[in-house]
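Below: one structure, written as structure tokens.
What follows draws every value from the coordinates through simple rules; no lab data is involved. All values reported here derive from a predicted model rather than from experimental measurement. Ideal geometry is used to build each Cβ from the backbone, glycine not excepted, and the neighbour counts take in all protein chains shown.
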């Protein structure tokens, strides 16, 4: 996939044939459950099952969503898996030029889609340390999160949550950390990231990051991610902001973009 350096309009036209331009809509539909060769048993990991109503309201993949959008996420999943497998990567950072594009929703639905691919499990990590909110679309309030691990040495296993989807584990945030970019570079957080990336060879780790142009957190985190995925908002993301984001991440592989909140879903 090419890095997008031209106008957003050109990216939009190419989205049906390129990972960088995968468009998402408001609708959702039935999800096929695939039996795993080995049933996953959660012992220490907390389990939380969000209601179908909450999942649907927040546009998270569930049994009541429409198949067309599920197919789009599966296409995104397959293209990302191909790129990551080719490079022996397992850590994907998802961000956006500016707030409101839907990078957290993209992170969640991509994680669920990746977990449908039965050879992989997925760890979804809230790395928006200033404004953690990965748990909110599930209607879940964590008792502890990454900040508790960093500040109070709460064990990692006490924070992990299975949000009701087999193969998906979430590491939520909790209390905001105002010195987040400095924290990202701290030895303790670097050690945590390395542990998350290396503990299970078949696991893909998705880090949900704050916007590139709002704070320097994404840039500070870039040495620890294998690749980045940029989420854009149709009609809102400016060409200059996209180009600036690409410039800031120039030393990191950007494997594509997602154009989110499209008025019309095209299948090509």
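At a 10 angstrom cut-off on C-beta neighbours, averaged per residue, how do the peptides 92-99, 151-158 rank from highest to lowest?
Ranked from most to least packed, the peptides come out as 92-99, 151-158.
When a/c is below 1.5 the answer is rounded, else prolate if a/b is larger than b/c, else oblate, so apply that to the stretch 36-137 with a ≥ b ≥ c taken from the square roots of the Cα gyration tensor eigenvalues.
rounded
Based only on other Cβ atoms within 10 Å, what is the fewest-to-most ordering of 237, 214, 183, 257?
Starting with the residue having the fewest Cβ neighbours, the order is 214, 183, 237, 257.
With a/c under 1.5 counting as rounded, go ahead and sort the stretch 135-195 into rounded, prolate or oblate using the C-alpha gyration tensor (a ≥ b ≥ c being the square roots of the eigenvalues; past the cut-off, prolate if a/b is larger than b/c, else oblate).
Prolate, because a/c is 1.5 or more and a/b exceeds b/c.
I need the peptides 196-204, 121-129, 242-250 ranked by packing, meaning the mean over residues of other C-beta atoms within 10 angstrom, with the highest value on top.
121-129, 242-250, 196-204
Tell me, what is the FRET efficiency for residue 67 and residue 117 to the nearest 0.05, using R0 = 22 angstrom and their Cβ-Cβ distance as r?
Here the calculated transfer efficiency is 0.85.
Can you bin the stretch 152-245 into rounded, prolate or oblate? Criterion: square roots of the alpha carbon gyration tensor eigenvalues sorted a ≥ b ≥ c, rounded for a/c under 1.5, prolate for a/b above b/c, oblate for the rest.
Judged from the Cα gyration tensor, the stretch 152-245 comes out prolate (a/c at least 1.5, a/b above b/c).
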